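*Asks:* Below is one structure. I have some questions about it.
The values are calculated or read from the model by the stated rules, or taken from the named source; none is laboratory data. Because the structure is a prediction, the values reported are computed rather than measured. So basically every Cβ, Gly included, is an ideal-geometry build from the backbone, and we count neighbours across all protein chains shown. For the accessible areas, the whole protein counts, side chains as well, though only heavy atoms, and no ligand, DNA or RNA atoms are used. Shrake-Rupley method; radii C 1.70, N 1.55, O 1.52, S 1.80 Å.
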Amino acid sequence: MRKLLKNKKACCVLLLVIAACNILLLGIGMKNSSAKKFPQQPFVFSPISPEKSSIVTKYFRWPQAKPFIQDSDVTNPFYTSFSVLHPADKHKKGDRIAVKITARNGRGEMKTFGGDYFRVLLTSNDLLNGVTGDVIDHENGSYTVYVPLPFDGEGHLKVILIHPSESVQVLRKVTSSKGSPGLIFSGLFDDGKWQERAECNMWLHTMEGATEPELRANYCNFSHATTGEPWICEKPSQVPCSSIKTYEVARTYDAADILRESGLFRKGVNLRVMVGQPIKLEILPSHATNQKLAPCRLPEVDSLPPRPGGYFFKDEWNSFHCRARHFTTSQDESSCVEGKTIYFLGDSTIRQWYSYYVPLGLPSLIPKLKSGLRSFLGLNPGVTISEKGPVTNLWEPRQATDPINNITLHFSAHGPPLQNGGSPYTMPYIADRLDGVKGGAGTAVVVTIGPHLLLYHPSVFITRLRGILRAMRRLLDRAPSTQIFFKGFNVYKMDELGSNQCCLFDWLAYRLDSIARRMIGDTQGVIYLDAWDMSASHHSTPNGLHTQAHVVRNEMQLFLSFLCPK
């Protein structure tokens with residue numbers, strides 16, 4: 001009897017195994033497939049060419065750190081000091097102070113070279129007033145910082161060492177490869193009968209040394225037809241390149257491991273550490289007449305804002321660039337966008353702007369929220385625009401309209417690499433989108449790009465932005481009254497190496513933001529909207545890459561000031 005039961009159990013197990021195999025091979029809706037989802041191979045470091053490196057130095061220069069032998073050679077925040085040059089018992093609102101920073105190593109010796117990454121802040125007691133300082137590196141261990149005094153009362157001057165120069169050198173090294181340490185993309189190819197996955201990226205280590213015939217034979221070339229920006233997949237063996245359906249991304253610890261092993265990214269030791277104690281300043285009111293700024297429009301103001309670009313006063317942003325408006329009522333904001341067509345093109349930080357008017361999720365509930373709650377959630381208090389048709393993917397191109405007030409808003413992401421994955425449809429190149437914009441009076445375009453490129457060599461960003469700026473120029477040539485903006489980067493805080501495979505640290509964003517400022521400054525008719533100084537001087541803690549709702553609202557107010565300067 002027991003033997004019979006055992007035989008029956010064995011038969012049942014065998015039948016289950018056979019059934020499972022049949023389901024996998026012949027089941028309804030199932031397809032033959034091959035290859036692992038993501039390749040299990042270590043990152044191969046392949047140095048970038050000298051030609052690509054020289055492209056970067058045209059737009060961005062940062063002093064090189066000297067090699068260090070022991071930890072005590074590294075800039076030490078506990079020995080580093082700062083002081084106000086020409087100090088006074090009392091200062092006046094509207095003045096500017098100069099601050100000297102002296103960088104020292106772990107033995108208390110003054111550094112003989114620059115490259116440290118400092119952030120200098122002046123805030124009020126309640127933190128509702130804040131402004132950043134402009135740091136000048138003398139490349140000998142000393143730094144001068146110019147800090148405006150735009151508000152009166154008691155101020156607290158703080159200096160933070162975000163990274164020693166030696167840490168910056170490591171960040172430069174991990175982003176100086178042809179590939180991207182930390183990012184692996186997988187392409188799904190599907191011809192209806194067979195599915196196959198293959199690795200994709202802007203460059204693959206298997207391409208090293210390959211001849212042109214070998215590249216054509218072994219890879220699918222999805223590079224941009226006009227700009228030549230590369231996007232390559234290993235060629236699947238059973239299906240054609242044209243069967244590409246979606247991309248997925250895996251974030252690895254390749255870059256984070258390099259940083260961790262260096263010992264230069266330890267919180268409280270050499271990462272984001274306050275230098276000394278804040279200096280208290282007493283700032284008196286000024287009876288002098290405030291300098292009258294021009295309205296926010298070209299050509300009355302430059303396309304680039306100064307540094308710093310403005311300051312917070314009572315938690316509201318005040319621009320040094322132009323006479324920015326404070327839209328105090330929902331009617332003011334809604335009347336500004338009335339009759340406008342606005343394109344928001346780029347990544348999720350510009351999708352936050354689109355979401356300011358077009359809430360993502362629960363669209364039927366949002367219009368019923370009271371104005372105060374909408375404002376708290378970071379939504380425009382007076383405008384709710386409905387999306388056209390159902391949306392299945394946050395990243396797909398989106399359109400929202402308000403036919404009564406003649407408002408049309410568009411959002412679309414940028415071309416690969418896009419770390420969120422998706423189909424090629426969800427990743428249109430910004431240059432192509434710009435070429436499809438009719439433009440004219442009442443049309444505005446806001447572009448931002450960069451966070452998804454932080455782990456690549458900066459020459460990748462420069463090439464991409466060049467193509468975008470050429471497309472902007474073409475748009476202005478055919479429709480000169482179009483308003484075109486580039487939204488700058490915001491600071492972010494991602495200090496946990498264990499969960500920080502996406503973007504590492506915000507010095508990488510500072511580098512690309514500085515490059516963008518230089519390139520846009522050379523492009524007539526494009527307005528650069530500062531988000532760096534705004535997000536750096538606000539008291540809120542960034543949510544990863546994304547700024548808090550109140551900062552987004554102030555970003556939007558600055559943007560609307562250019563749309564409606566009066």
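*Asks:* Under 5 Å between amide hydrogens, which residues at least 5 positions from Gly310 or on another chain qualify, with H placed 1.01 Å from N in the peptide plane?
*Replies:* Phe320
*Asks:* What do you get for Rg/Rh over region 226-272 if you use C-alpha atoms and the Kirkwood form of Rh?
*Replies:* Rg divided by Rh gives 1.26.
*Asks:* Please work out the Cα convex hull volume for region 151-220 and give it in Å³ per residue.
*Replies:* Measuring per residue, one finds 203 Å³ for the Cα hull of region 151-220.
*Asks:* Answer rounded, prolate or oblate for region 383-453, using the Cα gyration tensor with square roots of eigenvalues a ≥ b ≥ c: rounded when a/c is under 1.5, else prolate when a/b is larger than b/c, else oblate.
*Replies:* It is oblate, given that a/c is not under 1.5 and a/b is not larger than b/c.
*Asks:* Output the direction-averaged projected area (hull surface divided by four) of the convex hull of the alpha-carbon atoms of region 98-173, in nm².
*Replies:* Projected over every direction and averaged, the Cα hull of region 98-173 covers 5.9 nm².
*Asks:* Along the principal axes of its C-alpha atoms, what lengths does region 180-328 span, in descending order and rounded to whole Å?
*Replies:* Sorted largest first, the three principal extents are 78, 46, 32 Å.
*Asks:* Go through region 102-117 residue by residue and turn each phi into a ³J(HN,Hα) via Karplus (6.51, -1.76, 1.60, θ = phi - 60°); whole Hz please, and just put x for glycine and proline.
*Replies:* Computed from phi, the couplings for region 102-117 are 10, 7, 10, 8, x, 9, x, 8, 5, 5, 9, 9, x, x, 6, 10 Hz.
*Asks:* Would you calculate a helix-derived [θ] at 222 nm for the chain, using -39,500 (n - 2.57) for each DSSP H run of n ≥ 4 and dividing by the full residue count, to the nearest 500?
*Replies:* It lands at -8000 deg cm²/dmol.
*Asks:* For the chain, what's the relative contact order in percent, using C-alpha pairs closer than 8 Å and at least 6 residues apart?
*Replies:* It comes to 15 percent, rounded to a whole number.
*Asks:* Going by average Cβ density within 10 Å per residue, which order do the peptides 206-218, 407-419 take, highest to lowest?
*Replies:* Highest to lowest by the protection proxy: 407-419, 206-218.
*Asks:* Also, quick follow-up: Just name one of Val147, Tyr219, Leu188: the one whose Cα is farthest towards the positive end of the charge dipole of region 138-296 (beta-carbon charges, Lys/Arg +1, Asp/Glu -1).
*Replies:* Most positive-ward Cα: Val147.
*Asks:* Expressed as an acute angle from 0 to 90° and rounded to the nearest 10, what is the orientation of the C-alpha long axis of helix 2-26 relative to the principal long axis of the chain?
*Replies:* Approximately 60 degrees, to the nearest 10.
*Asks:* Here's a follow-up. For the Cα atoms of the chain, what angle does the longest principal axis make with the long axis of helix 458-478, in degrees from 0 to 90, nearest 10?
*Replies:* The helix 458-478 is inclined about 80 degrees to the chain.
*Asks:* In addition: Would you work out the charge dipole size for the chain about its Cα centre, treating the Cβ of every Lys and Arg as +1 and the Cβ of every Asp and Glu as -1, and quote it to the nearest 20 debye?
*Replies:* 1180
*Asks:* Could you give the dipole magnitude of region 192-304 about its Cα centre, charging the beta-carbon of Lys and Arg +1 and that of Asp and Glu -1, in debye to the nearest 20?
*Replies:* 560
*Asks:* Under the rule a/c < 1.5 gives rounded, and otherwise a/b versus b/c splits prolate from oblate, where does region 493-566 land using the Cα gyration tensor?
*Replies:* Verdict is oblate for region 493-566.
*Asks:* How long is region 130-171 along each principal axis, judged by its Cα atoms, biggest number first, in Å?
*Replies:* Principal-axis extents of region 130-171 (Cα, largest first): 40, 18, 12 Å.
*Asks:* Which one, Ala471, Asn393, Ala509, is farthest towards the positive end of the dipole of region 378-518 when Lys and Arg carry +1 and Asp and Glu -1 on their Cβ?
*Replies:* Ala471
*Asks:* When the Karplus curve 6.51 cos²θ - 1.76 cosθ + 1.60 is applied with θ = phi - 60°, which whole-Hz ³J(HN,Hα) does each residue of region 406-412 get, with x for Gly and Pro?
*Replies:* Residue by residue, region 406-412 yields 6, 10, 10, 10, 10, 9, 8 Hz.
*Asks:* What's the local net charge at Val391, with K and R +1, D and E -1, over the other residues with C-beta under 14 Å away?
*Replies:* Result for the local shell: +1.
*Asks:* Given a 1.4 Å probe, how much area per residue of the chain is accessible, in Å²?
*Replies:* For the chain, the per-residue accessible area is 46 Å².
*Asks:* Another question, if that's okay. How much of the accessible area of the chain, in percent, comes from carbon and sulfur atoms when a 1.4 Å probe is used?
*Replies:* 54
*Asks:* Quick check: the angle from helix 348-357's long axis to the longest principal axis of the chain, C-alpha only, nearest 10 degrees?
*Replies:* With rounding to tens, the tilt is 80 degrees.
*Asks:* If you place +1 on the Cβ of every Lys and Arg, -1 on the Cβ of every Asp and Glu, and leave all else neutral, what size is the dipole of region 141-207 about its Cα centre, to the nearest 20 Debye?
*Replies:* It comes to approximately 260 debye.
*Asks:* I would also like to ask the following. Wrap a convex hull around the Cα atoms of the chain, take a quarter of its surface area, and give that in square nanometres.
*Replies:* Reported value for the Cα convex hull: 34.4 nm².
*Asks:* Let me ask something else about it. If you build the convex hull over the alpha carbons only and average its shadow over all orientations, what do you get for region 439-553? Give it in nm² to one decimal.
*Replies:* For the Cα atoms of region 439-553, the hull's average projected area reads 7.6 nm².
*Asks:* OK, next. For Ile97, enumerate residues with amide H under 5 Å from its amide H, sequence gap 5+ or separate chain, H modeled in the peptide plane.
*Replies:* Hits under the 5 Å cutoff: Val147, Leu149.
*Asks:* For Lys92, list long-range residues whose amide hydrogen, built 1.01 Å from N in the peptide plane, is under 5 Å from its own amide hydrogen.
*Replies:* Leu284
*Asks:* Turning to a different aspect of this structure: Semi-axes of region 271-310's equivalent ellipsoid from the Cα gyration tensor, sqrt of 5 times each eigenvalue, largest first, rounded to whole Å?
*Replies:* 32, 21, 5
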